[in-house]
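See below for the structure under consideration.
The values are calculated or read from the model by the stated rules, or taken from the named source; none is laboratory data. The shown structure was predicted, so the numbers you read here are calculated from the model rather than taken from an experiment. Neighbour counts are summed over all protein chains in view; Cβ atoms, including those assigned to glycine, are modelled from backbone coordinates with ideal geometry. Ligands, DNA and RNA are excluded from the accessible area calculation, which covers all protein heavy atoms including side chains. Shrake-Rupley method; radii C 1.70, N 1.55, O 1.52, S 1.80 Å.
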Amino acid sequence: MLFRRKKIVPDIVNGLEQEKISTAWKLNIGFALVVVLSILVVGSTSFRMISESMLNHAKASSTELIKQTCRNLETILKGFDEIAMTLSQDDTIAQSIGEYDSLDDFHKKEATERKIREILDNRIKTRSDIIDIAVISNNGGYISSEILGPDVNQDITKCYAVSKFVESNKGSLWLNTYTTDVDSTYRYSKNGQVFSLMKGILSPSSLKVKGILLVNIDESYLYGIIADIKPSDDGKIFIVGSDGNYVLNPEDRSQNGAKVEYDFINDILGKGNACEIRKIGKKDYLITFQTIDQIKGTHLGWTVVEIAPVSSITTSVTRAGMRLFFIGLICVAVGFILIGFITKLYNTFLDKEYSERHAIALERERLASLGQLIGGIAHNFKTPIMSISGGLEAIMDLIKEYESSIGDSEVTIQDHHEIAAEMKDWVEKIRPYCSYMSDIISTVKGHTVNLNESSNASFTVEELLKRVNILMNHELKKYHCKMNVDLKVDINTVIPGEINNLIQVLNNLISNSIEAYNGEDGDIDLVIGKRGQELEIMVRDFGEGIPEKVKKKLLKEMITTKGKNGTGLGLYMSYSTIKGKFGGTMKIESEEGKGTVVYIYIPCSVKK
C-alpha cells in the first residue's frame with residue numbers, strides 16, 4: 001500500500017499542476033482576447049476620433065485657403081474695375097468717341113483715334129496682365145490701345161464681347177473666360193483666352209452712353225495666380241462661373257468656358273460658401289467653396305472650389321492603425337504603452353503639420369494685407385496724378401502759346417518772360433506731388449522687406465511717424481477713424497533698430513484700435529514721449545476694450561478676441577518683436593466698454 005500510495009501521490013500532483021497550467025492558459029488566452037478586443041475597440045475609436053479631427057483640421061485649412069484666395073482675387077479685380085471706371089468716365093474719351101462717328105475727314109478721324117489710343121496706351125504700357133483696352137463707338141468704330149485693330153472686314157458689333165454687352169442691357173459687365181474672336185486681341189494673347197470687363201462710356205454733362213469700353217485681361221495672368229496655390233492632400237482648385245462653366249481649370253485650360261463635369265456644381269452655385277463632404281463616383285471628397293458675388297456693384301458670380309479625396313486626408317491614420325493592430329497582436333503586454341507612445345508621436349506630427357499650414361495661412365494674410373495696402377496707395381495716387389496731368393496740360397498750352405508768338409511783332413520780350421514765369425510756376429506746383437508719390441513708393445518698398453532680417457540701422461521719430469501715417473492713412477479713412485498724434489520728444493530722436501519692425505508693430509496696434517470701434521467713428525491717440533532713458537510710445541482707443549479673462553493671458557500666449565477671424569499672433573508677435581528686436585517691453589491696460597491703452601518702452605537716447 002505504501003508503494004501504491006507513493007505512486008498515486010505524484011499522479012495527483014501532476015494532475016493538479018496540469019489543471020493549474022490549463023487554467024492559467026485559459027486565463028491568459030481569455031486575458032489576451034480581452035486585451036486584443038480592448039485594443040481593437042479603443043484603437044478603432046481613437047483612430048476614428050483622430051480621423052474626424054484631421055477632417056475638421058482639413059476643413060478649417062481648406063476654408064481659410066479658399067477665403068484667402070477669394071480675397072486676393074477681389075483685390076486684383078477691384079484694381080481692374082478702377083482702371084475701367086476711370087477710363088469710362090474720362091471727359092476726353094467721351095467727347096472724342098462721341099464726335100468720332102460724325103467725322104468725315106480722314107485726317108481728323110485719324111487724329112481722334114490717336115488721341116484716344118494715347119490715353120489707353122498710357123494706362124497699360126506697364127501692365128503685362130492686360131492684353132489691350134478698346135473703345136467701341138455707337139456706330140461700331142473700334143479703337144484699341146494697340147496699333148492693330150480688328151480685320152477690316154470684321155463687324156465688331158457682332159463680336160462675342162460686344163454682342164454680350166448689348167444683350168445684357170447693363171452699364172457694366174464681367175465676361176467669364178472665352179476665346180476672343182477679335183483678331184488683334186487674339187494676336188497679342190498667349191493662347192487666345194481672355195476674360196473681360198466692359199463699361200458704358202458716359203458723358204459727364206449729359207450722362208448719355210457715347211460708346212463701350214472693353215478691357216481684355218489675359219487668362220494666363222489668372223492661371224498664374226491659381227496655379228501657384230498648392231492644395232494639400234491631393235486636392236485641386238478651380239473657378240466656376242454662375243453659368244456652371246469653367247472660368248479657369250488649371251489642370252486642363254482647354255476646358256475654360258466649357259461645362260464643369262461634376263454634378264454637385266449646380267447644387268453649390270449661389271450658396272455663398274461652405275465646406276462639406278460629397279460623393280463623387282464611388283469616393284468621398286471634401287468640397288470647399290466660396291462665391292465672389294460682385295465687384296464694386298458689378299455682378300461677377302465666380303465660385304472658387306477646392307476638392308480633395310477624404311481617403312488622402314485619412315491615409316496616414318489608416319496606415320498607423322494597421323501597424324498598431326499587428327503590434328498589439330504580437331506584444332499584448334506592451335500594446336497600451338505603444339499606443340500611447342505612437343499617439344504622442346502622431347500628435348507631434350499633427351502639430352508640426354498644423355504649424356506649417358498655419359504659417360502658410362499667415363503669409364497669405366500678410367500678402368492680402370499688402371494687396372489691400374496697395375489698393376489704398378493706388379487710391380491716394382489719384383489726386384497727385386490728376387494734378388500732375390492738369391499741370392502738364394497747362395504747360396503744353398503755354399508751349400503752344402509761346403510757339404505761336406514767335407515772329408509776332410506785337411509780342412514783346414516782357415510777354416515772353418510772363419509765359420516763362422507761368423511755366424515755372426506750374427513746374428513748382430507739380431514738384432510737391434512728385435515728392436509725395438516718391439515718399440509713398442519708398443514706404444511701401446520698405447514695408448515689403450523680410451522683417452526677420454537683422455540690421456544695425458537706426459531711424460528717427462520723424463521717419464517713423466511719416467511712414468506709419470502713409471501706411472495707415474487709407475485704413476483710417478476707410479473706417480472713419482481719426483488718429484491724433486501727440487509728440488512730446490524731438491522729431492530727430494534716434495531709435496536704434498530696423499524701422500520696418502516697429503512700423504509693423506504700430507500698424508498692428510492701430511488696426512486693433514480701429515477694429516475696437518466695430519465700424520463706428522472713433523479717435524485713436526498716438527503719443528510719443530519719454531520715461532527716463534526710454535522712449536515711451538502709447539496707442540490708445542476708446543472702443544469696446546478687452547474682456548478680463550482674455551486680458552490675463554495677453555503677451556503670455558497666442559489668444560484672440562476675434563473668434564475665427566483672429567489668429568492670436570498679432571499682440572504676441574508684437575511683444576516678441578519689441579522685446580527681441582529693440583530690447584524693450586510692452587504693457588497693456590484695458591477696461592471693457594471704455595477702451596484700451598498699449599504702452600511700448602524702448603531704450604534709446606531721448607533728446608530733451
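Peptides 533-539, 163-169 ranked from most to least packed, by the mean per-residue count of other Cβ atoms within 10 Å: 533-539, 163-169. Dipole magnitude for segment 55-184: about 680 debye, using +1 per Lys or Arg Cβ and -1 per Asp or Glu Cβ, origin at the Cα centre. Between Q89, H57, A111, the Cα set farthest toward the positive side of the dipole of segment 53-120 (charges on each charged residue's Cβ, about the Cα centre) is that of H57. Spatially close Lys pairs in segment 243-312, defined by Cα atoms under 25 Å apart and a spacing of eight or more places or different chains, total 8. For D284, what is the net charge nearby, where nearby means another residue's Cβ is under 12 Å from its Cβ and Lys, Arg count +1, Asp, Glu -1? Net local charge, D284 excluded: +3.
Label-to-label distance, H107 versus S458, with points set 7 angstrom from Cα along the beta-carbon direction: 6.8 nm.
Computed in the context of the full set of protein chains, the accessible area of segment 215-286 at 1.4 Å probe radius has 42% of its extent on carbon or sulfur.
Take 281-293, 99-111 and order them by the average number of nearby Cβ atoms within 10 Å per residue, most first; the result is 281-293, 99-111. Counting only protein chain heavy atoms and rolling a 1.4 Å probe, the accessible areas of F80, F542 rank, largest first, as F542, F80. Where does the charge balance sit around F80 when Lys and Arg score +1, Asp and Glu -1, over other residues with C-beta under 15 Å from its C-beta? Charge balance near F80 sits at -2.
Across segment 590-599, rounded Karplus estimates of 3J(HN,Hα) from the backbone phi angles (6.51 cos²θ - 1.76 cosθ + 1.60, θ = phi - 60°) give 8, 9, 4, x, 10, x, 9, 10, 10, 10 Hz, Gly and Pro being marked x.
Amide H contacts under 5 Å for D132: N216, restricted to partners 5 or more places along the chain or on a different chain, H placed in the peptide plane at 1.01 Å from N. The 1.4 Å probe gives accessible areas that order E219, E548, E82, largest first, as E548, E82, E219. Projecting the Cα atoms of G211, I226, F195 onto the charge dipole of segment 108-235, computed from C-beta unit charges around the Cα centre, puts G211 farthest toward the positive end. Rolling a 1.4 angstrom probe over segment 66-187 with all protein chains present gives an accessible area of which 45% lies on carbon and sulfur atoms.
Under 17 Å Cα-Cα from K158, which aspartates and glutamates qualify once same-chain neighbours fewer than 8 residues away are excluded? Straight-line reach from K158, under 17 Å: E167, D181, D183.
Ranked by the mean number of other Cβ atoms within 10 Å per residue, highest first, peptides 514-527, 65-78 order as 65-78, 514-527. Note on V598: accessible area approximately 10 square angstrom, rounded to 10, probe 1.4 Å, nucleic acids and ligands left out. With r defined as the distance between the Cβ atoms of E410 and K466 and R0 fixed at 60 Å, what FRET efficiency is calculated, to the nearest 0.05? Efficiency for this residue pair is about 0.75. Net charge near Y221: determine it from the other residues with C-beta under 11 Å of the C-beta of Y221, scoring Lys and Arg +1 and Asp and Glu -1. Every neighbour counted, the sum reads -1.
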